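J.: Here it is: the structure, laid out below.
The values are calculated or read from the model by the stated rules, or taken from the named source; none is laboratory data. The structure presented is a predicted model; accordingly, all values stated were derived computationally and were not measured. Here the Cβ is made from the backbone with ideal geometry for all residues, glycine too, and neighbour counts use every protein chain on show. Surface accessibility is based on the protein's heavy atoms, side chains included, excluding ligands, DNA and RNA. Shrake-Rupley method; radii C 1.70, N 1.55, O 1.52, S 1.80 Å.
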Amino acid sequence: MLNITLLPGWALAPTAMQPLAKALGQRLPEWCIQTPALPALQLSTLESDLAILAEQLPPGVLVGWSLGGMLAVQLQRRFPQRFSHVVTIASNACFVMRKDWAAAMPAETFKAFLNDFRAAPEKILKRFALLVAQGSEQPRTLAQTLEWDSAAADQRLHALALLGVLDSRAALKASTAASLHCFGGRDALVPVAAAHALAQMQPRLQVAIHDQAGHALPLEQSEWLAERIAGFLGQRDD
């Protein structure tokens with residue numbers, strides 16, 4: 001069985017990946033496509049959390065949006081025999097800026113967002129929805145239709161903190177697995193400069209950019225994504 005697992009972004013329900021799942025199913029009818037929710041994750045138990053998650057997912061291809069993409073890279077690094085290929089969507093190698101990785105969110109901005117979420121999670125989810133929708137044709141409508149996962153606020157806080165510290169650069173540099181990384185030119189959370197930084201860091205990585213898209217690629221550009229993912233998987237035995 002050929003399996004594709006679609007991992008959603010931070011705080012987002014698996015339904016956010018359904019438009020992409022449908023578009024992929026039309027192009028890859030022989031593949032089995034799953035859209036699980038992200039489990040509870042935190043930095044202090046990351047290794048065991050990833051091991052448990054790996055056992056829960058079918059072997060095959062991982063496709064992850066934002067935080068889901070960073071987790072896909074980490075899973076493939078640890079379990080290369082289980083997960084053959086990785087596709088990331090609007091996912092940075094480092095979500096937060098480092099001294100040697102400028103194509104990311106400034107650390108102070110992320111720290112403020114984290115603290116604000118700790119104080120008022122529901123209010124910050126609404127702000128986050130607007131950031132996800134920014135760059136789309138109808139941002140407010142899209143923001144209002146986003147569906148959230150069922151995680152408690154403290155679980156979301158742990159996952160958000162994890163997003164701030166994950167660094168996938170070493171995994172991407174060292175991996176011999178084929179990978180595709182898709183970006184939106186109008187993304188308010190992951191700057192498109194990250195796409196160019198990835199390509200310069202490791203020329204073997206495949207990068208695709210939709211100039212007119214924001215962070216919500218799986219929702220608004222599912223056909224564009226599916227076309228590129230299907231083409232990428234068509235090369236999987238090259």
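J.: Quickly estimate the mean residue ellipticity at 222 nm for the chain, helices only: each DSSP H run with n ≥ 4 gives -39500 (n - 2.57), and the total goes over all residues, rounded to 500.
T.: -13500 deg cm²/dmol
J.: If each residue of separation counts as 0.36 nm, what is the full-extension length gain between Ala199 and Arg118 once their alpha-carbon separation is subtracted?
T.: Separation in residues times 0.36 nm, less the Cα-Cα distance, equals 25.7 nm.
J.: Ignoring ligands, DNA and RNA, what percent of the 1.4 Å accessible area of region 23-139 is carbon and sulfur? Could you put the intermediate results ahead of the total?
T.: Numbers: 3030 of 5450 Å².
Heavy-atom surface of region 23-139 belonging to carbon and sulfur, 1.4 Å probe: 56 percent.
J.: Which ³J(HN,Hα) values, rounded to whole Hz and listed in residue order, are derived for region 7-13 from phi using the Karplus coefficients 6.51, -1.76 and 1.60 in 6.51 cos²θ - 1.76 cosθ + 1.60 with θ = phi - 60°, glycine and proline given as x?
T.: Computed from phi, the couplings for region 7-13 are 9, x, x, 4, 6, 8, 6 Hz.
J.: Then there's this: How big is Rg to Rh over region 27-158, alpha-carbon atoms, Rh as the Kirkwood inverse-mean-distance radius? Don't skip to the answer; put the middle values down first.
T.: Values: Rg = 16.3 Å, Rh = 16.7 Å.
On the Cα set of region 27-158, Rg over Rh gives 0.97.
J.: Loop-only check: which trypsin sites (Lys or Arg not before Pro) in region 22-128 are DSSP coil with at most 15 other Cβ within 10 angstrom?
T.: Taking region 22-128 and a limit of 15 other Cβ atoms within 10 Å, the loop trypsin sites (Lys or Arg not before Pro) found are Arg82, Lys99.
J.: Here is a follow-up. Charges only on Cβ, +1 for Lys and Arg, -1 for Asp and Glu: so what's the dipole of region 40-144 about the Cα centre, in debye to the nearest 20?
T.: The calculated dipole for region 40-144 is roughly 160 debye.
J.: Between Glu47 and Lys126, with labels modelled 7 Å along Cα→Cβ, what's the label distance in nm to one decimal, could you check?
T.: Inter-label distance under the simple model: 4.3 nm.
J.: On a straight-distance basis, which lysines could pair with Lys111 in a cross-link, Cα separation under 22 angstrom, same-chain partners fewer than 8 positions away excluded?
T.: Lys99, Lys123, Lys126
J.: If Lys and Arg each add +1 and Asp and Glu each add -1, what is the summed charge of the other residues whose beta carbon sits under 14 Å from the beta carbon of Leu46? Don't skip to the end; give the middle numbers.
T.: Details: positive: Arg77, Arg78; negative: Glu47, Asp49, Asp167.
Every neighbour counted, the sum reads -1.
J.: Still on this structure, I have one more. Working only with C-alpha atoms, what are the Rg and Dmax values of the chain, expressed in angstrom?
T.: Here Rg and the maximum Cα pair distance are 16.3, 50 Å.
J.: Could I ask something else about it? By average Cβ neighbour count within 10 Å, what is the ranking of 43-56, 189-202 from highest down?
T.: Details: 43-56: 13.3, 189-202: 18.0.
Listed from highest to lowest mean packing, they are 189-202, 43-56.
J.: Return the distance in nm (one decimal) between the two label points of a simple spin-label model at Glu223 and Thr145, each offset 7 Å from Cα along Cα→Cβ.
T.: 1.5 nm
J.: Of all trypsin sites (Lys or Arg not before Pro) in region 148-238, which ones are in loop regions per DSSP and have a Cβ with at most 10 other Cβ atoms within 10 Å?
T.: none
J.: Between beta-carbons, use under 13 Å as the cut-off and find the net charge around Gly135, counting Lys and Arg +1, Asp and Glu -1.
T.: -2
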